[in-house]
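Engineer: This is the structure, below, for whatever I ask next.
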């Protein structure tokens, strides 16, 4: 009679074994880190609410400008979303194109080099982007692009003009923000495109599709949700950007969609950076109240981006 040797199952480690102790230590550290993040987030929110409460409950019409809190924060919220939207519209198509070139067109060595350079863009300080925008982009746009837009496309409200000679406009700020969020969207899109199953790509090519048709049919649908989540993470970065916008923009407390004139809506973060050093008393509380609004906006945007990433990063939508 033939006997079959069966492997003896591993016995679980004893309660005092080193493996069990390591699991407990690691689990405790991980749980503590998660709790610390929640406590920090709650502390920041509590601080903003506490400091903003006097502005939320007081009459602010006696302050500079005589505006209520809603009248004061309205143009700032409008300008914040306008600048971030411009950046997103410019950066997202460019990021997708760069990610596709790195993953499906460029030679391996060039792709690695280009990917490293794109990632390095995220390490450049904001003030450097601001100085680059005001010393390079602003004069370039003011001399060549803005006069053309004002002369030939003035029937569009965005380019109604007159063009600002200094180039310190909302459009310049939006272009700089687009460069700043480009690495975020590119990195997430690149990783999503690289995770496309090779079998899907080969099947599309085997059916006679060209490389672009294969990308359009297999790669882009697979990474669609990741591209969207990356774009929303970039939007969150653009909404909260401070120094670069404060250096470039020549703001006014108005609602304006004219992107090339001197009537530019300010952003919340730039307004706080510019006015906080000279403010005191209730004016400080009003600025913190606008920061509370920005806190909730960016929190909602990033939470929504995380939800989209968790629901479709694995390619379930493709």
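Engineer: If you rank 196, 113 by fewest surrounding Cβ atoms within 10 Å, what's the result? Present the calculation step by step, with values, prior to reporting the outcome.
Structural biologist: Numbers: 196 21, 113 13.
Ordered from fewest to most neighbouring Cβ atoms within 10 Å, 196, 113 come out as 113, 196.
Engineer: On to the next question. Treating the angle as unsigned and between 0 and 90°, give the value, to the nearest 10°, between the Cα long axis of helix 18-57 and the longest Cα principal axis of the chain.
Structural biologist: With rounding to tens, the tilt is 20 degrees.
Engineer: Calculate how steeply helix 170-194 sits against the longest principal axis of the alpha-carbon atoms of the chain, using the helix alpha-carbon long axis, and give the answer as 0 to 90 degrees to the nearest 10.
Structural biologist: Rounded to the nearest ten degrees, it is 10.
Engineer: If you don't mind, there's one more thing I want to ask. What three numbers, in Å, describe the spread of the alpha carbons of region 152-287 along their principal axes, ordered from the longest?
Structural biologist: Computed over region 152-287, the largest-to-smallest principal extents equal 67, 42, 20 Å.
Engineer: Could I ask something else about it? Does region 40-199 come out rounded, prolate or oblate by the C-alpha gyration tensor, with a ≥ b ≥ c the root eigenvalues, rounded set by a/c under 1.5 and, if not, prolate when a/b is larger than b/c and oblate if not?
Structural biologist: On the way: a/c = 2.52, a/b = 1.38, b/c = 1.83.
Oblate shape, in that a/c is at least 1.5 and b/c is the bigger or equal ratio.
Engineer: Given C-alpha coordinates of the chain, what is the ratio Rg to Rh with the Kirkwood estimate of Rh? Mind dumping the intermediate values first?
Structural biologist: On the way: Rg = 25.6 Å, Rh = 23.0 Å.
For the chain, the value is 1.11.
Engineer: Enumerate the residues in region 130-168 having an amide nitrogen under 16 Å from the point lying 7 Å beyond the Cα of residue 89 toward its Cβ.
Structural biologist: Inside the label zone: 146, 149-150, 153-161.
Engineer: Answer rounded, prolate or oblate for region 104-147, using the Cα gyration tensor with square roots of eigenvalues a ≥ b ≥ c: rounded when a/c is under 1.5, else prolate when a/b is larger than b/c, else oblate. Could you put the intermediate results ahead of the total?
Structural biologist: On the way: a/c = 5.30, a/b = 1.86, b/c = 2.85.
Verdict is oblate for region 104-147.
Engineer: Still on this structure, I have one more. How do the peptides 236-246, 281-291, 171-181, 34-44 rank, highest first, by the average count of neighbouring beta carbon atoms within 10 Å per residue? Could the numbers behind the result be given before it?
Structural biologist: Values: 236-246: 23.4, 281-291: 19.3, 171-181: 25.8, 34-44: 10.5.
Highest mean packing first, the order is 171-181, 236-246, 281-291, 34-44.
Engineer: Just need the relative contact order of the chain here, percent rounded to a whole number, with Cα pairs under 8 Å and 6+ apart. Mind showing how you got there, number by number?
Structural biologist: Values: 417 pairs, mean separation 83.6, N = 318.
After rounding, I find 26 percent.
Engineer: Would you compute, from DSSP H runs of 4+ residues alone, the mean residue ellipticity of the chain at 222 nm, taking -39500 (n - 2.57) per run and dividing by the full residue count, rounded to the nearest 500? Provide the component values of the computation, followed by the final result.
Structural biologist: On the way: 12 runs with 200 residues, N = 318.
Mean residue ellipticity, 222 nm, calculated: -21000 deg cm²/dmol.
Engineer: I've got another one for you. Which percent of Cα-Cα pairs in region 253-312 sits in each 10 Å bin, short to long?
Structural biologist: 19, 32, 31, 15, 3
Engineer: Starting from the Cα-Cα distance between residue 109 and residue 131, subtract it from 0.36 nm times their residue separation and give me the gain in nm to one decimal.
Structural biologist: Values: separation 22, 0.36 × 22 = 7.92 nm, distance 3.22 nm.
Additional length available on full extension: 4.7 nm.
Engineer: Sticking with this one: Roughly what angle does helix 224-240 make with the longest principal axis of the chain, taking Cα atoms, 0 to 90 degrees, to the nearest 10?
Structural biologist: 40
Engineer: Continuing with this model, one more query. Sort 126, 265 so the one with the fewest other Cβ atoms within 10 Å of its own Cβ comes first. Numbers along the way, then the final one.
Structural biologist: Working: 126 17, 265 25.
Least to most surrounded, the residues fall as 126, 265.
Every read-out reported here was derived from the displayed coordinates using simple, explicitly stated rules and does not represent laboratory data. Keep in mind that what you see is a predicted model, and the values were worked out from it rather than measured. We place every Cβ from the backbone using ideal geometry, glycine too, and count neighbours over all the protein chains shown.
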